[in-house]
Amino acid sequence: MVDLSADLGFIKLKNPVIPASGTFGYGEEFQTFFDLDILGAFVLKGIYKNPRPGNIPPRLHETAAGLLNSIGLAGPGAEELVNIIKRVAGITHTPVVVNVCGEDDEEYLEVAQIFDALDEVAMLELNISCPNVRAGGKCPAQDGQHTYRLVKLIKQNTVKPLIVKLSPNVKDIVSIALSAEEAGADALSLVNAYLGLAVNLKSRAPVFRNVFAGLSGPAIKPLALKLVYEVARQVAVPVIGIGGITCGGDVLEFILAGASAVQTGTVNMVEPAASVRILHEIETQMQELQIKNLEEIRGELKI
Amino acid sequence: MVDLSADLGFIKLKNPVIPASGTFGYGEEFQTFFDLDILGAFVLKGIYKNPRPGNIPPRLHETAAGLLNSIGLAGPGAEELVNIIKRVAGITHTPVVVNVCGEDDEEYLEVAQIFDALDEVAMLELNISCPNVRAGGKCPAQDGQHTYRLVKLIKQNTVKPLIVKLSPNVKDIVSIALSAEEAGADALSLVNAYLGLAVNLKSRAPVFRNVFAGLSGPAIKPLALKLVYEVARQVAVPVIGIGGITCGGDVLEFILAGASAVQTGTVNMVEPAASVRILHEIETQMQELQIKNLEEIRGELKI
Amino acid sequence: MKEEKCRVVENININEKYYLMKLKTTTIAKDCRPGNFVMVAVSTTFDPLLKRPFGIFKSEPPYIYLYYEVVGKGSELMSRLKENDNLAVLGPLGNSFPVFRSENILLIAGGRGIVPIYFAAENYAAGNTLFLIYGAKSAGDLNLLDRIDSLPLKKTYLYSENGSTGKKGLVTGDVREIIIDNHINITFSCGPDAMFKSLNQELAGLAVENYASLEALMGCGFGICYSCAVKTRLGGYKKVCSDGPVFKLEDIEW
Amino acid sequence: MKEEKCRVVENININEKYYLMKLKTTTIAKDCRPGNFVMVAVSTTFDPLLKRPFGIFKSEPPYIYLYYEVVGKGSELMSRLKENDNLAVLGPLGNSFPVFRSENILLIAGGRGIVPIYFAAENYAAGNTLFLIYGAKSAGDLNLLDRIDSLPLKKTYLYSENGSTGKKGLVTGDVREIIIDNHINITFSCGPDAMFKSLNQELAGLAVENYASLEALMGCGFGICYSCAVKTRLGGYKKVCSDGPVFKLEDIEW
Ligand SMILES: Cc1cc2nc3c(=O)[nH]c(=O)nc-3n(C[C@H](O)[C@H](O)[C@H](O)COP(=O)(O)OP(=O)(O)OC[C@H]3O[C@@H](n4cnc5c(N)ncnc54)[C@H](O)[C@@H]3O)c2cc1C
Ligand SMILES: Cc1cc2nc3c(=O)[nH]c(=O)nc-3n(C[C@H](O)[C@H](O)[C@H](O)COP(=O)(O)OP(=O)(O)OC[C@H]3O[C@@H](n4cnc5c(N)ncnc54)[C@H](O)[C@@H]3O)c2cc1C
Ligand SMILES: Cc1cc2nc3c(=O)[nH]c(=O)nc-3n(C[C@H](O)[C@H](O)[C@H](O)COP(=O)(O)O)c2cc1C
Ligand SMILES: Cc1cc2nc3c(=O)[nH]c(=O)nc-3n(C[C@H](O)[C@H](O)[C@H](O)COP(=O)(O)O)c2cc1C
Ligand code: FES
Ligand code: FES
């Protein structure tokens, strides 16, 4: 029997599979597909203080093995999410992660504090990397100082473990990772979606109002895996790998590259029961490859 | 009738389709598939002064809608390439572009001068962006000062039009583009392959000896299109768009985003007669979209 | 709602780019209602990446029928499937047309919009009187007329934009008159956005309840990605996949 | 060499994961020679992106046969193709086994390495005396024996690693003896790299000319991408796709 557990230090997860923010709704929508208890954890769709309508459609454009999205963090606001979380906590014991968003530092803090105070929440994930909110895809994760300041602010005023979610659309992701770590991040998750462009030939305009949108899905896997490898080598806190993961083998690749756990994004949209399959594949592959537990291979990529 | 010609200022091409370096051999290999005269131009496989064996295999790994390559610029050296070019010039009137490589500035210059002196060569493309030669994928295009110095050196000592080929693996591609332009580049081509990682689960090692390799193909199109858009808005010299182009519609998207012409890479490996199809598609689509010539839409993306 | 491996029983090219696919399902056929749709895995690889939404044309447990138009690469791949091929199908998804008794219901279908309309006609005939307006660009797009002939419809009005079959004109051309003449109090409609727009204008002021089955770009089909947003007249967005696809026509901002 | 749209005439599951596909070509069948291969577009989408290389098993103009093993997603997609499906095929590619007269040729095939060997046996029988060693992991991997029976072979030696058919052991187990006993002066071989390695050792010192048909990871198949590099004993690389796939065994660094 292989041991699937994933150790983040501050918490030990049943396994390394964590459906990613924005691709797993509020969890409850997946109940009809499988028992949420099988997951390592799951991250709720990103939340602001107030309800947000999201971006003007189209919000989605398919590319080769990828997906450009410009959802714009549509959501019901923090107050309503509290109710949802209480409901969700009734149906599963799996740790729930809240993806904290904000227009400015103040809002980030306010949202973080609301969920920090909520027993049903296990961890916070600070989403400083959404490419679809500000013009040109700008986000705090592109600025080391802003990252440091914001992470510090949240850490000083909350008690729950804080995962900081990084953007690949930066000058130097390792330096941002180090800023977040220095400011007290308990873990780093990477990556959020890559900025991309699609053009509508008929209208001679970008497909998206925001011009750029976020690329996710299998297309980005080799790029994300590289960034996870680079960051994991440089930081001491656990890294959660994200980007184009679709199967058990992908998960093990990220672990070898240095991740302690992973988040699965787009695959959940495409195949709602993907987590069940992926968990099964991880187990089978670990047996085949004679890996007893994930710590045995984490970061052990032979260079 | 639509006008397919593509104006680079220093040269007017029959059309905007230019097979990219490393994916079109030395041109002659494609003779059995189509008449090379149909092309706008074509770029030969990158060349150093001396023959190079290339990297230790594996040199290739397929990803979702993409290709990681670590060929390592295998080639016969400049002297032999001169012979090849003379032979190729006998079979086509299409402008031939030499992709100039070097271990250091001196070698870049030496190689550039050899081909600058060759009548059969129409343009030089300075490959400062190959991800597969140095450890960690390092290349001169990651450093604005190095880019400036090198481009200036080449421009001061050669007379042929110089295209500078940029890397997407940089902190800020626009600033590198501006450095190259300021140093005298006659055109910019972008992008070269994206650095990515693949892991071999059986050996628990990276698939490639060099750890990272270059990602190309349809997977990168939305990312490359974004960079072309950003650069084309900021520079005055013509931009040649590269990245995941596989059809006529893709070419028009890059032109709308600001490219004056395009290079097609991976698609030539997958479908040797791709250029014929793409040219046909451009013509048909221009008719359908009522575009009389490419200048009419170049950079005219409605934001 | 579940992802099922379905077997292709037949996949017939009806006319030009239109196909009728019969699928053997496990539970979808017996659980579905008119208006419901399915998400079809048109490929087993990552290109295309997303499943594609298709309305259910008919249910005959354990079989469902999809009537679809080849418009791009996903539907093209689907058209190449053959008997005994398997494909993953998620469904049934979305809401459905409401059930009525003793009403005069006008069904309005533009092109492939016939899909949920046909399903509704087959299921909602009992107790109601049904009328149908069915129109498309040209005769080649106006298919399945023999099947429609055998539906329990009081009257059928056919249109084509180019006049190649039925009356020349738009589906919405005589809709007001038809409603008034036949004492219609309910409409069910499905078609392209342009049809809904003009329908919304034509129907303004009439004392009719109007239910429209919409299309939108879909990511997931089950309410979690927020891609399929449609703007409502009251402000804010609704999700076509899970709040719809059937909405009150006047609730949508056209 | 050309990219052709070929039609699948049949695609038969021979045994376990092995298939035999008959394709109708335009010119490939009449232009090809033993050792040549084709690049097959296993998908019409971008996933998988690259064509896949397969040796030509038999040519019967306008038909060619491919004998292939399902090992990954490309070959899996191929195995699902049915009669009358079309696919793009590039070929014939690569060099071929040299032609000899009046020689005792030993053909050595490991597993799916039977492909160019079979083609060679059919074409090079006239004027030569042919012997065959054919081995694989187990009986399930040692296929097409009835076809091989009808080849003009002087003698056939069958092996399986697990002893489930033929002699238990490796293809290369008795190769020295067989060569000496039968006065062999030429060998043609195809199989996995491990087979070539051991063959290279076994044959050392024997006065035999050895031609090996290699496999390598291929990008293009026609010599332009330099992916398929194989290290030669003289130093430097050769391209399996265009300098090969047939090389003198001893020229390769094993
Ligand atoms: C609830 C619902 C029910 C539908 N029912 C049917 C049906 O019964 N029969 C049928 O033929 N079609 C139906 N459609 C439309 C069908 O989903 C699209 O035609 C299909 O997804 C196109 O896929 P493709 O890969 O062939 O085209 P693509 O290559 O993806 O795109 C080709 C063109 O189709 C448009 N398109 C792509 N996806 C959608 C989409 N989800 N909705 C609308 N337009 C799209 C694109 O903008 C583009 O112009 C329905 C759509 C929805 C949302
Ligand atoms: C000249 C040549 C002739 C060949 N002839 C035959 C033949 O007649 N019959 C046959 O069954 N196979 C043949 N092969 C091997 C065949 O090309 C591979 O099995 C096939 O490409 C695998 O594709 P896939 O998508 O199914 O596997 P993938 O999913 O791409 O990979 C699955 C496994 O196969 C290995 N593999 C992938 N591509 C190749 C390749 N090009 N060469 C070797 N191994 C590879 C991978 O490393 C991996 O372990 C030949 C290969 C070459 C180079
Ligand atoms: C439709 C969609 C919505 C997303 N919403 C969020 C979000 O609310 N917060 C966030 O941090 N990331 C969001 N993401 C990013 C994903 O969590 C993930 O980082 C990204 O998709 C890359 O992973 P993948 O390639 O596995 O999809 C979203 C992605 C998609 C596709
Ligand atoms: C096999 C291969 C070899 C390449 N060799 C070179 C090269 O020699 N010089 C160069 O400038 N770019 C080289 N490139 C990069 C391409 O020219 C091109 O910039 C890149 O592949 C992106 O375009 P694509 O997505 O259309 O392939 C190579 C790419 C591939 C796939
Ligand atoms: S398609 Fe995902 S929410 Fe509707
Ligand atoms: S496969 Fe491209 S050179 Fe051989």
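Answer yes or no: is there a residue in the stretch B:164-172 that is within 14 Å of chain A (Cβ to nearest Cβ), acidic (Asp, Glu) and surrounded by fewer than 21 Cβ atoms within 10 Å (Cβ to Cβ). Looking through the stretch B:164-172, at least one residue is within 14 Å of chain A (Cβ to nearest Cβ), acidic (Asp, Glu) and surrounded by fewer than 21 Cβ atoms within 10 Å (Cβ to Cβ). Among the residues of the stretch B:248-255, is there at least one that is surrounded by fewer than 24 Cβ atoms within 10 Å (Cβ to Cβ) and farther than 21 Å from residue B:163 by Cβ? Among the residues of the stretch B:248-255, at least one is surrounded by fewer than 24 Cβ atoms within 10 Å (Cβ to Cβ) and farther than 21 Å from residue B:163 by Cβ, which makes the answer yes. One residue alone among D:104, D:95, D:143, D:86 is within 16 Å of ligand 6 (Cβ to nearest atom) and of a type in the set (S, T, N, Q), and that residue is D:95.
In summary, residue A:240 fulfils each of the numbered conditions (1) within 30 Å of residue B:285 (Cα to Cα); (2) away from chain B (no Cβ under 11 Å) with the single exception of condition (1). Of A:100, A:170, A:191, all but one fail to be of a type outside the set (S, T, N, Q) and modelled with pLDDT under 95; the exception is A:170.
Would you please name the residue that is nearest to ligand 2 (Cβ to nearest atom), looking only at residues in the stretch B:42-58 that are closer than 25 Å to residue D:230 by Cβ and either crowded, with 24+ Cβ neighbours inside 10 Å or touching a residue at least 40 places away in the same chain (Cβ under 8 Å) (or both)? Within the stretch B:42-58, the match that is nearest to ligand 2 (Cβ to nearest atom) is B:58.
The numbered conditions (1) among the aromatic types (Phe, Trp, Tyr); (2) over 30 Å from residue D:41 (Cα atoms); (3) touching a Lys or Arg at 6+ places or on another chain (Cβ under 7 Å) are all true for residue B:212 except (2). Just one of the numbered conditions (1) in contact (Cβ under 8 Å) with a residue 40 or more places away in the chain; (2) surrounded by fewer than 24 Cβ atoms within 10 Å (Cβ to Cβ); (3) hydrophobic (A, V, I, L, M, F, W, C) is not true of residue A:39: (2). For the stretch D:217-251, the set of residues classified as facing another protein chain (nearest Cβ under 7 Å) and not polar (S, T, N, Q) consists of D:217, D:219, D:220, D:222, D:223, D:224, D:225, D:226, D:229, D:236, D:237, listed by residue number.
Rundown of residues vs (1) free of Cβ contacts under 8 Å to residues at least 12 places away in the same chain; (2) under 23 Å from residue A:117 (Cβ atoms); (3) among the β-branched types (Val, Ile, Thr), yes/no style:
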site	(1), (2), (3)
A:149	no, yes, no
A:154	no, yes, yes
A:160	no, yes, no
A:187	no, yes, no
A:213	no, no, no
A:216	no, no, no
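Condition check: of a type in the set (Lys, Arg), in contact with a Phe, Trp or Tyr (Cβ under 9 Å, 6 or more places away or on another chain) and within 23 Å of residue C:212 (Cα to Cα). Does residue C:101 satisfy that? No: the conditions fail for residue C:101. For residues in the stretch A:190-211 being assigned to a loop (DSSP other than H, G, I, E, B), touching a residue at least 60 places away in the same chain (Cβ under 8 Å) and facing chain B (nearest Cβ under 9 Å), which is nearest to residue B:211 (Cα to Cα)? Ranking the qualifying residues of the stretch A:190-211, first place goes to A:198. Of the residues making up the stretch A:228-237, those that are buried (at least 24 other Cβ atoms within 10 Å of the Cβ) and either farther than 16 Å from residue A:192 by Cα or in contact (Cβ under 8 Å) with a residue 60 or more places away in the chain (or both) are A:229, A:231, A:232.
If the condition is being crowded, with 24+ Cβ neighbours inside 10 Å and among the polar types (S, T, N, Q), then the stretch C:205-254 contributes C:213, C:227. The set of residues from the stretch B:135-163 being in a loop (DSSP other than H, G, I, E, B) and surrounded by 17 or more Cβ atoms within 10 Å (Cβ to Cβ) comprises B:139, B:143, B:158, B:160, B:161. Which residues, taken from the stretch A:212-231, are facing chain B (nearest Cβ under 10 Å) and among the polar types (S, T, N, Q)? Correct list: empty.
Hey, does the stretch B:144-159 have a residue that's under 26 Å from residue B:267 (Cβ atoms) and out of contact with any Leu (no Cβ under 7 Å at 6 or more places or on another chain)? There is no residue in the stretch B:144-159 that is under 26 Å from residue B:267 (Cβ atoms) and out of contact with any Leu (no Cβ under 7 Å at 6 or more places or on another chain). The set of residues from the stretch A:59-110 being in contact (Cβ under 8 Å) with a residue 40 or more places away in the chain and within 14 Å of chain B (Cβ to nearest Cβ) comprises A:61, A:63, A:64, A:65, A:66, A:67, A:68, A:69, A:70. Within the stretch B:100-134, the set of residues being part of a helix (DSSP H, G or I), touching a strand residue (DSSP E or B) at 6+ places or on another chain (Cβ under 8 Å) and surrounded by fewer than 20 Cβ atoms within 10 Å (Cβ to Cβ) comprises B:116 only. If you check residue C:114 against the conditions, is it assigned to a helix (DSSP H, G or I), under 13 Å from the mean Cα position of the chain (by Cα) and either surrounded by fewer than 23 Cβ atoms within 10 Å (Cβ to Cβ) or of a type in the set (A, V, I, L, M, F, W, C) (or both)? Considered against the rule, which asks whether it is assigned to a helix (DSSP H, G or I), under 13 Å from the mean Cα position of the chain (by Cα) and either surrounded by fewer than 23 Cβ atoms within 10 Å (Cβ to Cβ) or of a type in the set (A, V, I, L, M, F, W, C) (or both), residue C:114 comes out as yes.
Entry remark, the stretch D:201-216: residues being within 16 Å of ligand 6 (Cβ to nearest atom) and away from chain B (no Cβ under 14 Å) number 1 in total. Out of A:303, A:278, A:297, A:291, one residue alone is more than 16 Å from ligand 4 (Cβ to nearest atom) and either away from chain B (no Cβ under 11 Å) or crowded, with 24+ Cβ neighbours inside 10 Å (or both). It is A:278.
Surrounded by fewer than 17 Cβ atoms within 10 Å (Cβ to Cβ) and more than 15 Å from the chain's Cα centre (by Cα): does that describe residue C:28? No, not satisfied.
Just so you know, in the stretch D:70-104 the residues that are within 12 Å of another protein chain (Cβ to nearest Cβ) and of a type in the set (D, E, K, R) include one that is surrounded by the fewest Cβ atoms within 10 Å (Cβ to Cβ), and it is D:83. Among residues of the stretch D:37-65 that are within 14 Å of chain C (Cβ to nearest Cβ), those with a Cβ under 6 angstrom from a residue that is among the hydroxyl-bearing types (Ser, Thr, Tyr) and part of a loop (DSSP other than H, G, I, E, B), sequence gap 6+ or separate chain, pair up as D:47/C:45. If you filter the stretch D:235-254 down to residues that are touching a Gly at 6+ places or on another chain (Cβ under 8 Å) and not in a loop (DSSP other than H, G, I, E, B), you find that the one that is farthest from ligand 2 (Cβ to nearest atom) is D:237.
The values are calculated or read from the model by the stated rules, or taken from the named source; none is laboratory data. Being a predicted model, the structure only gives us computed values, none of them experimental. Note that we place each Cβ from the backbone using ideal geometry, even for glycine, and neighbour counts take in every protein chain shown.
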